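The values are calculated or read from the model by the stated rules, or taken from the named source; none is laboratory data. Small disclaimer: the values here were computed from a predicted structure and weren't measured. Because the Cβ atoms are built from the backbone with ideal geometry, glycine has one as well, and the counts that use them run over all protein chains shown.
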Amino acid sequence: MKWNIVCDSSCDILTLPDLARDTAFSVAPLKIIVGNREFVDDETLDRQRLLDAMASFKGASSSACPAPFEWARQFEKADFSIAICISSQLSGAYNSAMVAKDMVLEKFPEKKIYVVNSRSTSGSMILLAEKINSLIKAGKDFDQVVNETEQYNNTMQLTFCLTNYDNLIKTGRMSAFTGAVASVLGIRAIAMKSPLGEINVLSKQRGDANTYKYIVNQMAGLKELKNLHIIITHCQNADGAHKIKNLLKDMYGAVNVSILETRGLCSFYANTGGIIVSY
């Protein structure tokens with residue numbers, strides 16, 4: 001195997017379509033801990049059981065990043081490996097992958113390994129994987145792939161909205177009273193990633209219609225969207241995802257929008273009703 005693109009499971013996809021013949025795509029799973037139960041974010045995960053466990057558990061749930069040996073196992077498979085990690089501001093996955101890189105290069109110094117801090121999550125990581133794959137198919141060498149990937153990474157944007165505040169309340173980031181009021185009034189928190197991969201709250205809108213219009217207008221103010229691949233991931237909110245897609249179509253006509261369901265880690269963060277837009 002010549003190339004291996006490796007993502008942690010916050011990328012919200014298990015397989016990357018249209019891979020080059022000598023390219024593999026691998027996923028290093030994170031874990032979500034709910035009380036004394038551990039949910040591995042891989043192809044065996046029952047997302048509904050995870051969400052039900054989180055809803056019924058009175059305490060705060062947590063997550064654990066892939067261990068260095070899990071990354072190392074993937075890096076050892078190929079001559080050239082590129083890992084894509086959730087923002088280092090949100091998880092230790094990037095640091096774990098960097099440890100694994102050093103481990104593998106000490107044993108196999110002839111290999112080439114690069115770790116991308118996506119400073120993002122979900123669909124943004126899928127877009128990065130697609131970009132890397134296209135560069136490999138174009139015959140770029142390792143350094144060119146790395147350089148052009150980081151240039152593309154610097155252009156990535158991500159906006160998301162929340163409708164369920166249980167996790168924020170259980171982790172002490174929001175009072176139960178405030179969360180209850182927000183839920184009753186239909187308040188939707190809208191946020192985006194900062195250039196450093198932190199979370200910046202943009203607005204609090206009342207109702208879905210106002211929320212989705214705000215998101216689309218905010219997106220249009222940051223990028224020319226017409227020719228972009230836009231990925232909308234959602235946690236049990238396909239209706240909302242399609243409404244955002246339709247608003248984009250109304251604004252731009254034909255747009256390339258993919259709608260996917262969040263896997264375990266992003267379901268843990270976004271919770272039921274959450275929507276993440278990557279572009």
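Some values worked out for this structure:
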read-out: Among (1) among the charged types (D, E, K, R); (2) at pLDDT below 95; (3) in a strand (DSSP E or B) - the single one Glu38 does not satisfy; value: (2)
read-out: Odd one out for Lys213, checked against (1) of a type outside the set (A, V, I, L, M); (2) modelled with pLDDT of 90 or more; (3) closer than 25 Å to Leu50 by Cα; value: (3)
read-out: Residue in the stretch 110-117 that is within 21 Å of Leu265 (Cβ to Cβ), in contact with a Ser or Thr (Cβ under 7 Å, 6 or more places away or on another chain) and surrounded by 18 or more Cβ atoms within 10 Å (Cβ to Cβ) present; value: yes
read-out: Selected residue [surrounded by 13 or more Cβ atoms within 10 Å (Cβ to Cβ), closer than 15 Å to Thr163 by Cα, under 20 Å from the mean Cα position of the chain (by Cα) and in contact (Cβ under 8 Å) with a residue 12 or more places away in the chain] from Gln205, Gln218, Gln236; value: Gln236
read-out: Residues located in the stretch 76-99, provided they are surrounded by 18 or more Cβ atoms within 10 Å (Cβ to Cβ) and more than 21 Å from the chain's Cα centre (by Cα); value: Ala78, Phe80
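Residue by residue, here is whether (1) farther than 29 Å from Met156 by Cα; (2) out of contact with any Pro (no Cβ under 9 Å at 6 or more places or on another chain); (3) modelled with pLDDT of 95 or more holds:
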{"site": "Thr23", "(1), (2), (3)": "no, yes, no"}
{"site": "Leu30", "(1), (2), (3)": "no, no, yes"}
{"site": "Val34", "(1), (2), (3)": "yes, yes, yes"}
{"site": "Leu45", "(1), (2), (3)": "no, no, yes"}
{"site": "Ala60", "(1), (2), (3)": "yes, yes, no"}
{"site": "Pro66", "(1), (2), (3)": "no, no, yes"}
{"site": "Arg73", "(1), (2), (3)": "no, yes, yes"}
{"site": "Ala78", "(1), (2), (3)": "no, yes, yes"}
{"site": "Ile82", "(1), (2), (3)": "no, yes, yes"}
